[in-house]
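**Student:** Have a look at this one before I ask anything.
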Amino acid sequence: MAELDPPTKRECHRCGRREVWDADAANWTIANGNAGEPFCIHEWDITGAYQPVTE
Ligand SMILES: [Zn+2]
């Protein structure tokens, strides 16, 4: 039986922005002070079943 392992960090392929999952806030937060490009359409390197909501 496969067990889902939600990602706890992600990095944008385009601008290098790094974020970590804040379980308390239930949201992503900037990991290392690198917010990347403010207008970047971030493409995260997360794989697997989890997909961020896109519109
Ligand atoms: Zn980006």
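**Student:** Residues that are modelled with pLDDT under 90: which strands (runs of 3 or more DSSP E) entirely in the chain hold 2 or more of them?
**Tutor:** Filter on the chain gives an empty set.
**Student:** Still on this structure, I have one more. Where the second residue is at pLDDT 90 or above and the first is among the polar types (S, T, N, Q) and lies in the stretch 1-20, which pairs have Cβ atoms under 9 Å and are six or more apart or on separate chains?
**Tutor:** Correct list of pairs: 8/20; 8/21.
The values are calculated or read from the model by the stated rules, or taken from the named source; none is laboratory data. Since the model is a prediction, treat every value here as computed from it, not as a measurement. Positions of Cβ are generated from backbone atoms using ideal geometry, with glycine treated the same way; all protein chains shown enter the neighbour counts.
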